[in-house]
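See below for the structure under consideration.
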Amino acid sequence: MLRDSEAGTMKIAAKDITYANGIVISLDGQWLFVASSTTGTVLVYKRDVEKGTLKLAQRLQVYLIADNLSIDTETGYVYAIGFTSYIDAFKMVAFRDDFSAKRVGVARIIPNSGEELFYGRPFKVENVFYTTDPLFASATSIAVDSMNGRTFFGGLFTPGIVVCEGIL
């Protein structure tokens, strides 16, 4: 939704997003990333700040039920975290099922260069982390601190925050 406070109106800025569950803006403000959990994609929109419009530029397959997005404030890389199975995700939310067997993954979205950029694909996906370790089993949030070399994981049903030395 785009709200014009002077005119008192609202309009939809981007349509056809299935279950938008994580949104971040690039460090330069030119791009809006939206996780579409039910499609396993991250949608990338080019922003026109003056007009208040969004134009779909790319649909990135992340092979995750992306629950949240975050951005590394040093590198500008966008991180998506989520379950790799719809059944596991449903069981966790609906029944608070045994978390120990859930597979969690992280995808990193980085700028493309060269030929890929030339052909209109400004970003690419790198799948950087998969685990069934119980410490991460219900992790649905990630924060990467490249300045201090740490990655933080947490989630709705996690008993705390997992801090890993090193960055993804």
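Please verify whether T158 is in contact (Cβ under 8 Å) with a residue 12 or more places away in the chain, open to solvent by 20 Å² or more (accessible area, probe 1.4 Å) and either among the charged types (D, E, K, R) or over 22 Å from I71 (Cβ atoms) (or both), treating the condition exactly as stated.
No, not satisfied.
Condition check ((1) open to solvent by less than 80 Å² (accessible area, probe 1.4 Å); (2) part of a strand (DSSP E or B)) across all residues:
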position	(1), (2)
M10	no, yes
I23	no, yes
D28	no, no
A35	yes, yes
K46	yes, yes
E50	no, no
K55	no, yes
Q58	yes, yes
G76	yes, no
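Does G105 meet the test of being free of Cβ contacts under 8 Å to residues at least 60 places away in the same chain, assigned to a loop (DSSP other than H, G, I, E, B) and small (G, A, S)?
no
Which members of the range 108-117 meet the condition of being open to solvent by less than 50 Å² (accessible area, probe 1.4 Å) and part of a strand (DSSP E or B)?
Within the range 108-117, R108, I109, I110 qualify.
Find the residue count for the range 134-155, including only residues that are open to solvent by less than 40 Å² (accessible area, probe 1.4 Å), in contact with a helix residue (DSSP H, G or I) (Cβ under 7 Å, 6 or more places away or on another chain) and farther than 24 Å from L43 by Cα.
Here the count works out to 1.
Search the range 118-133 for residues that are within 19 Å of F33 (Cα to Cα) and open to solvent by less than 50 Å² (accessible area, probe 1.4 Å) and pair each with any residue that is charged (D, E, K, R) and part of a strand (DSSP E or B) when their beta-carbon atoms are under 6 Å apart and the residues are at least 6 apart or on different chains.
Final answer for the pair search is V128/R108.
The values are calculated or read from the model by the stated rules, or taken from the named source; none is laboratory data. Note that this is a predicted model, so its numbers are computed, not measured. Glycine gets a Cβ as well: all are built from the backbone with ideal geometry, and neighbour counts include every protein chain shown. Areas reflect the complete protein model, heavy atoms only, side chains present, ligands, DNA and RNA absent. Shrake-Rupley method; radii C 1.70, N 1.55, O 1.52, S 1.80 Å.
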